[in-house]
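The values are calculated or read from the model by the stated rules, or taken from the named source; none is laboratory data. In this text, all values refer to a predicted model and were calculated from it rather than measured experimentally. Here Cβ is always computed from backbone atoms with ideal geometry, including for glycine, and neighbour counts include all displayed protein chains.
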Amino acid sequence: MIRRLISLTRVYKQLILILIDSFLLITVLLIAFSLRIGNFYWPNDDLFWIIFGAPLIAIPIFLRFHLYNTIIRFIGFNSMWMIFQAVGIYALIWGMVAFMAASQGTGSIQDIPRSIIFINWILAIVTIVGLRMIARWLLTSFSANEPSSNVMIYGSGSAGRQLSIALMQSNEYRIVAFIDDEIENHGRSINGVKVLSPDEIQKSINQYNVTEILMAVPTLSRSRRKEIINFLEPFPVLVRSLPSVSELAKGKVKIDDLREVTIKDLLGRDSILPNQNLLSLNIVNKVVMVSGAGGSIGSELCRQILILKPSILILFELSEFALYTIHRELSIATPNIKILPFLGSVNNKERVGQILKSFSVQTIYHAAAYKHVPMVEFNNNEGVNNNIFGTWSFAEAAIEHKVETFVLISTDKAVRPTSTMGTTKRFAELILQGLSSHQVNTRFTMVRFGNVLGSSGSVIPLFKKQINEGGPITVTNPKMIRYFMTIPEAVELVIQAGAMGKGGDVFVLNMGDPVSINELAKKMIRLSGLEIKDESNPNGDIEIHYTGIRPGEKLFEELIIGSNISQTEHPMIMRAQEDEIDWVDLKVILKNLEEALIDSDFEKVRELLTIAVPDFRPQSPIQDFLYSKKLN
């Protein structure tokens, strides 16, 4: 019956409610007269039409106050107040009509007691409100019996209360408890839902079969959110959260605001306000060029650069599709700044030079590089050609056309490298250090940082995909540790570090605490509401398979080669003093390296890389497919 009523169209529901209200209003008047007189009353003569005509007065007033536009299941205080107003006006007008008729009538109609107006008003409010409250209770009870997820909300503050209201309007969730750290809130109720201590979580999960815990603590610092997430991790529930206050749109909290806990939440590092002078120094009203503009770092650089309002932003990218994608996004978002997309390779010095000269480029952010460690191992010589000679060519063009600032995006894999990729990036740093000491046109700066979240090839999207597919999660080695930083955070610091350089500087970003990849995989499984499947828990959901270290990888990443490091004016940016190679000697190595590439002499390439970067300790023999074919 209730299901059929719910399925009716809104017009039919309104008609049914109007008919019920009409019946109740007539009944209320009959009861009012009966109570006043002291026995059952049935009208006759003209009073019959005054009582049975009451709906003709009330219903238009109720319609005017939108009493039939309110969804019964979600009726609240505002709706109750509208009912009080509407019924009050109806009772007053009905009384006026009744007494006007009484003053001109005969018989029983002349004997209408004045107290009838007050009794009618009270009884009408009770019945009209009572009808809706009973209907709400029936519909809510019916919805509660429908299949839904039992959830707990962590946080009983404003966001938690707003979230609970949003959830109560959905059939998908049933709130069984609030969780709050504040002792004085324990035992209280919010919208009929009890507030519990964090110590009672496990008991409630077992008692109510809770499947999700929703974090509604957007005002907390990242470090405190991390502590809560770590506390919730062991429980067999899916953990989702509201984003921070800065990310929430203005207005009420919505169910759509909920998202799964991300690695950003797991890192728990509190953000530091940027130095606006450093951000704007190389960008505001300047012509800025970004190489590798379609990549993960390059595209975010472009987004943040546009916020700082350069006069022109030049996008330089080898991939046509990547260039089209980022150019389209930026042009729509920022139509008032000239954005020029250029296809080309960083090795094409002539084309780069034409662009620099034609538009008088002042600042370059060089993000173009091959960065995937195993992929560069399988394509050794191309990695060397792009990362080393591409950087050299690009830098020479910058010097020739008097570019003011050239910022190289480097990597922690350049420190004591075990891969060709890491070695080529350290070699690129050496080139810019050498060029800095032999010219005054361009200020070269290098910025080193570790893994960024959400970049192409990042482990986080891979783990999420594997969890969604039911596993297994693949981890190379249980002891592998990496540094992580969000892309926007890394890029913001890169821009500020680039403005600090005086020439040949190597800056290192503070990446926070290192993260165990194995523990990260386990956290992501547990926070998805699933269990790890292993020997101790054969009935778990997701297995972790250890595949072994891939060519060029190492267990631990570092950010600094030596111990000579100093702080800068920014607490998240450090300056490293690294060994350099005299430019004359480095040019000899580059000449020999170029000849080795032309001859496809893989052994010579590796030998020369080891000479230029003495800390290079290859993790594996030469893996290039062409070299393997050559040996066979």
**Failed condition for residue 331, given (1) surrounded by 15 or more Cβ atoms within 10 Å (Cβ to Cβ); (2) touching a strand residue (DSSP E or B) at 6+ places or on another chain (Cβ under 7 Å); (3) of a type in the set (Ser, Thr, Tyr)** = (1)
**Asked** When residues of region 478-531 are filtered for being out of contact with any helix residue (DSSP H, G or I) (no Cβ under 8 Å at 6 or more places or on another chain), within 24 Å of residue 301 (Cα to Cα) and in a loop (DSSP other than H, G, I, E, B), how many remain?
**Response** 3
**Asked** Does residue 19 qualify as being at pLDDT 80 or above and either of a type outside the set (Asp, Glu) or surrounded by 17 or more Cβ atoms within 10 Å (Cβ to Cβ) (or both)?
**Response** yes
**Fill in**
Per the filter on region 188-242, residues in contact (Cβ under 8 Å) with a residue 24 or more places away in the chain and hydroxyl-bearing (Ser, Thr, Tyr) are 204, 208, 211, 219, 221, 223, 241
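Restricting attention to region 271-323, which residues are small (Gly, Ala, Ser) and farther than 26 Å from residue 387 by Cα?
So in region 271-323, the residues small (Gly, Ala, Ser) come out as 271, 280, 291-296, 298-299, 311, 319, 322.
Selection gives 271, 280, 311.
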**Message:** When the residues of region 174-207 are narrowed to those that are part of a helix (DSSP H, G or I) and among the β-branched types (Val, Ile, Thr), which ends up farthest from residue 229 (Cα to Cα)?
**Reply:** 183
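In this structure, does residue 461 turn out to be without any contact (Cβ under 8 Å) to a residue 24 or more places away in the chain and surrounded by fewer than 19 Cβ atoms within 10 Å (Cβ to Cβ)? Walk me through it before giving the result.
Values: without any contact (Cβ under 8 Å) to a residue 24 or more places away in the chain: yes; surrounded by fewer than 19 Cβ atoms within 10 Å (Cβ to Cβ): yes.
For residue 461, the condition - without any contact (Cβ under 8 Å) to a residue 24 or more places away in the chain and surrounded by fewer than 19 Cβ atoms within 10 Å (Cβ to Cβ) - is met.
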**Fill in**
Within region 184-199, residues within 15 Å of residue 155 (Cβ to Cβ) and of a type outside the set (Lys, Arg) come out as 184, 185, 186, 190, 191, 193, 195, 196, 197, 198
**Request:** Could you tell me whether region 438-447 includes any residue that is within 25 Å of the chain's Cα centre (by Cα) and of a type in the set (S, T, N, Q)?
**Result:** no
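Taking the stated definitions as given, is residue 623 surrounded by 11 or more Cβ atoms within 10 Å (Cβ to Cβ), within 46 Å of the chain's Cα centre (by Cα) and either among the polar types (S, T, N, Q) or closer than 30 Å to residue 272 by Cα (or both)?
Answer is yes for this residue.
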